[in-house]
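Chemist: Take a look at the following structure, please.
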Amino acid sequence: MTQFYKKRYIHQEGASVTDSKDKMAGSVTVEAALAAPLFLFAVLCLVYLLEIQAIRLSVISAAQSAAKTAAEDMAVIPIFNPVKLKSDLVSFIGSERLERSIVQGGSQGVHCWRSWYEAEHGVIHVEIDYKIRLPFPEFTGLGMKYKESFLVKPWTGYEKNGIENDDDQIVYVTKTGSVYHTDYQCKYLQLSIRFVSYSGVSDLRNVDGGKYHACENCVHGGNMSGVYITDYGNKYHNSLNCSGLKRTIHSVKKAECKGMGACSKCGQ
């Protein structure tokens, strides 16, 4: 009887050790099952943050290049076109890159319509808006909005080097003008063309307080979304190619401007 109870006690002790090992193994399995998804989620977040940073750098770099192109274009035609700014921006990034990116809406999701030109200080205000998709189901609509903004000074010509004779100074004149200008960007020399809504043009006034009337050469009918006006003109135009928006500027030496006075704005 004594041996029987002894063997039974040893058997029970062995079963207790085995159960403890099974519980430890089960605990390790549960911890591994919880840790693996958390690790994968952390890796996904890191990859997503890197992609967000990459697309932001691409947008900023492309926006700066597009703004530089716009500044150069304004040296020829003094009008800022936000539609062309966006077209150049998409071209610099690559439409395929945007369509495959995490930018919501792809190339259509990048907006530049808030960009504008401040004629008073001669500065282009560039504002780029877009939205980044977050790694959640698409029906949730969750995302992060970003706005990149900076200022660009349009190209105003080359700086003078050295000392030159007053008669050899380069000045600017127009075909019908009676004065010469020392600054190519003089407000009396430039047309300061703006694109405005046709429905609101009747409420606008030029610098002298006058109303704008339809140009006889390019405005036919009234079915227009927008028109072109100038700060000192009294006509609105339907085409940038209209002769009323053209002004030929000649650069000549000051000695050739006999009988012409200096501009009251830039020639003093």
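The values are calculated or read from the model by the stated rules, or taken from the named source; none is laboratory data. This is a predicted model, so every value here is computed, not measured. Counting neighbours? That spans all protein chains shown, and the Cβs are built from the backbone with ideal geometry, glycine included. Only protein heavy atoms, including side chains, enter the accessible area calculation; ligands, DNA and RNA are left aside. Shrake-Rupley method; radii C 1.70, N 1.55, O 1.52, S 1.80 Å.
Chemist: In whole angstrom, how far apart do the alpha carbon centroids of the range 128-149 and the range 210-268 sit?
Modeler: Using only Cα atoms to place each centre, the spacing works out to 43 Å.
Chemist: Sticking with this one: Please give me the summed charge of the neighbours of residue 73: other residues whose Cβ is under 15 Å from its Cβ, Lys and Arg +1, Asp and Glu -1.
Modeler: The answer is +2.
Chemist: Separate question: Are there any GluC sites (Glu not before Pro) in the range 107-149 that are in a DSSP loop and have at most 16 other Cβ atoms within 10 Å? List them by number.
Modeler: When the GluC sites (Glu not before Pro) of the range 107-149 are filtered for loop state and at most 16 Cβ neighbours within 10 Å, 120 remain.
Chemist: Where a ≥ b ≥ c are the square roots of the eigenvalues of the C-alpha gyration tensor, would you call the range 176-235 rounded, which needs a/c under 1.5, or, failing that, prolate if a/b is larger than b/c, or oblate?
Modeler: Taking the square roots of the gyration eigenvalues as a ≥ b ≥ c, the range 176-235 is prolate.
Chemist: Also: What figure, in Å² to the nearest 10, do you get for the accessible area of residue 140 with a 1.4 Å probe and non-protein molecules left out?
Modeler: 60 Å²
Chemist: Can you give the FRET efficiency for residue 108 and residue 220, using 1/(1 + (r/R0)^6), R0 = 22 Å, r = Cβ-Cβ distance, to the nearest 0.05?
Modeler: Using R0 = 22 Å, I get an efficiency of 0.10.
Chemist: Let me ask something else. When all protein chains stay in place, what accessible area (Å², nearest 10, 1.4 Å probe) is found for residue 194?
Modeler: Roughly 100 Å² of residue 194 is accessible to a 1.4 Å probe.
Chemist: With every protein chain present, what accessible area does residue 123 have (1.4 Å probe, heavy atoms only), rounded to the nearest 10 Å²?
Modeler: Here the residue's solvent-accessible area equals roughly 30 Å².
Chemist: Let me ask something else about it. Roughly to the nearest percent, how much of the accessible area of the range 29-109 is carbon and sulfur, given a 1.4 Å probe?
Modeler: Here carbon and sulfur together make up 66 percent of the probe-accessible area.
Chemist: With 24 Å as the limit, write out which pairs from 187/254; 153/175; 86/175; 86/147; 84/211; 187/246 have Cα-Cα distances beyond it, or answer none.
Modeler: 153/175; 86/175; 84/211
Chemist: Shifting gears a bit: Taking 51 Å as R0, compute the FRET efficiency from the Cβ-Cβ separation of residue 243 and residue 47 and round it to 0.05.
Modeler: Calculated value: 0.35.
Chemist: Right, another one. Report the calculated FRET efficiency for residue 75 and residue 144 (r = Cβ-Cβ distance, R0 = 45 Å), to the nearest 0.05.
Modeler: With a Förster radius of 45 Å, E is 0.75.
Chemist: Now a separate question. Roughly how many percent of the accessible protein surface of the range 173-268 is carbon and sulfur, given a 1.4 Å probe and a whole-percent answer?
Modeler: Using a 1.4 Å probe with all protein chains present, the range 173-268 comes out at 44 percent carbon and sulfur.
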